[in-house]
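Chemist: Sharing a structure here in structure tokens format.
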Amino acid sequence: MTIPAGFKIKEGENIDTGIVVQDRAENEFVWVPVAINDMVMCKSHTTAKITYENGQFSCFENDHHPSEKELVGKLYATTTGNSFTAEKANTTYDANSGLREPAIVTGDSSGEGTKYDGDAKNLSIVVEGVEKTRAKFLEQLQNEFYNMAKSVAKYGGFYIGRYESSGLKDGEKPIVQKEKSPTVSTNWYTMYKNSKNLAQEGTQVTSSMIWGCQWDQVMLWMQEVDNPTVPGAKYIKDGSGMGWYSGVRGSDNNTNDEHKTGIDLTSGDHLGEVLNRVKNIYDLGGNVSEWTLEAGELRESRCLWWQSLG
């Protein structure tokens, strides 16, 4: 685990229980340890082991070096009853299906549609540079995914916001802090663009909306928790009554805390338990929905997680 320049450890005793770091603006993040081979794969060799050395990815017994266009997310899925499994959902990479990243969403199976990522208005928001086209946006996503994967491979993990983000609307400053109102009523494209502004100027840190394969690794990491007062496995498989839902209140019994970030919840049968965090990460169950960069089914959506799935 590397502490970026300008950051400091705020709390946490070891990586496995969640070490919290804080930047100069008092935003908080938790380190998530990840083996790169668990998170990414080569599109042309999906079963081959991925390695990273000297700034370069290799697969297929090191005879092939995946490019930005070939490295894709290794994604996981739920089964009946919201039981999260460690079973890969995308053993192949099908450009016409869901469970794929990096990818664009255009409203049709050809990728040439004019909805969502094919809409000129949306492209004007998210595409960097002069040429604001579907092709350029896909290229941009591929480069961003590749750079994220290189960072994970180099450092052995990534930082996730400890709380849901606030300030992601245009004209606001993004923050990840306790007892704030998370961003709602804003479209995916605006949140994608403004998530990049969370990183502080003058540092070597970058920020972005979370990728689906990163989200899945957080779930798998949390699922290993075996603690009766912080039931991580249950939180992942069934978050009902364990997050911000109707009838659940803050530990001070104050309903005015509802939907604020980072509130410790105690209610009903769980009185005295910490219900709203695992490994020092809050708000993955209930509260508001979470957008990711993962492409959804039929080229018509991005993956959105909420309630018992985070």
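Chemist: Keeping to the range 105-131, report how many residues are on the phi < 0 side of the Ramachandran plot and in a loop (DSSP other than H, G, I, E, B). Lay out the reasoning, then the answer.
Modeler: Within the range 105-131, the subset on the phi < 0 side of the Ramachandran plot is 105-106, 108-110, 112-115, 117-128, 130-131.
Remaining after also requiring in a loop (DSSP other than H, G, I, E, B): 105-106, 108-110, 112-115, 119, 127-128, 130-131.
So the answer is 14.
Chemist: Counting only residues that are surrounded by 14 or more Cβ atoms within 10 Å (Cβ to Cβ), at pLDDT below 80 and part of a loop (DSSP other than H, G, I, E, B), how many does the range 49-88 have?
Modeler: Qualifying residue count, the range 49-88: 2.
Chemist: Now a separate question. Could you list all residues from the range 1-21 that are of a type in the set (A, V, I, L, M) and under 11 Å from residue 280 (Cβ atoms)?
Modeler: The answer is 15, 19, 20, 21.
Chemist: Being more than 13 Å from residue 116 (Cα to Cα) and surrounded by 18 or more Cβ atoms within 10 Å (Cβ to Cβ) is the filter; apply it to the range 294-304 and report the residue that is modelled with the highest pLDDT.
Modeler: Checking each candidate, the answer is 294.
Chemist: Shifting gears a bit: Of the residues that make up the range 35-43, is at least one of a type outside the set (Gly, Ala, Ser), surrounded by 15 or more Cβ atoms within 10 Å (Cβ to Cβ), at pLDDT below 90 and part of a loop (DSSP other than H, G, I, E, B)?
Modeler: Yes.
Chemist: Of all residues in the range 24-34, which are in a loop (DSSP other than H, G, I, E, B) and either under 17 Å from the mean Cα position of the chain (by Cα) or crowded, with 20+ Cβ neighbours inside 10 Å (or both)? Reasoning before the result, please.
Modeler: Initially, the range 24-34 is screened for residues in a loop (DSSP other than H, G, I, E, B), giving 24-27, 34.
Once the filter is applied, which keeps residues that are in a loop (DSSP other than H, G, I, E, B) and either under 17 Å from the mean Cα position of the chain (by Cα) or crowded, with 20+ Cβ neighbours inside 10 Å (or both), the range 24-34 yields 27, 34.
Chemist: How about the range 185-211: which of its residues are of a type in the set (Val, Ile, Thr), farther than 19 Å from residue 155 by Cβ and assigned to a loop (DSSP other than H, G, I, E, B)? Please lay out each step first, then the result.
Modeler: Keep residues of the range 185-211 that are of a type in the set (Val, Ile, Thr), which gives 186, 190, 203, 205-206, 210.
After this cut, where a residue has to be farther than 19 Å from residue 155 by Cβ as well, the list is 186, 190.
Selection gives 186 alone.
Chemist: What are the residue pairs meeting all of these: first residue in the range 194-222, first residue acidic (Asp, Glu), second residue part of a helix (DSSP H, G or I), Cβ atoms under 9 Å, and 6 or more apart or on different chains?
Modeler: Within 9 Å, the pairs are 216/39.
Chemist: Given the structure, is residue 169 part of a loop (DSSP other than H, G, I, E, B) and under 23 Å from residue 19 (Cβ atoms)?
Modeler: Working: part of a loop (DSSP other than H, G, I, E, B): yes; under 23 Å from residue 19 (Cβ atoms): no.
Taking the combined requirement at face value, the residue does not satisfy it.
Chemist: Please identify the pairs in which a residue from the range 127-139 that is under 17 Å from residue 115 (Cβ atoms) and of a type in the set (Phe, Trp, Tyr) has its Cβ atom under 8 Å from the Cβ atom of a residue that is surrounded by 12 or more Cβ atoms within 10 Å (Cβ to Cβ) and modelled with pLDDT of 95 or more, counting only partners at least 6 apart or on another chain.
Modeler: 137/123; 137/126; 137/127
The values are calculated or read from the model by the stated rules, or taken from the named source; none is laboratory data. On a predicted model such as this, the values are computed, not experimentally measured, just so you know. Cβ atoms come from the backbone with ideal geometry, glycine included; neighbour counts cover every protein chain shown.
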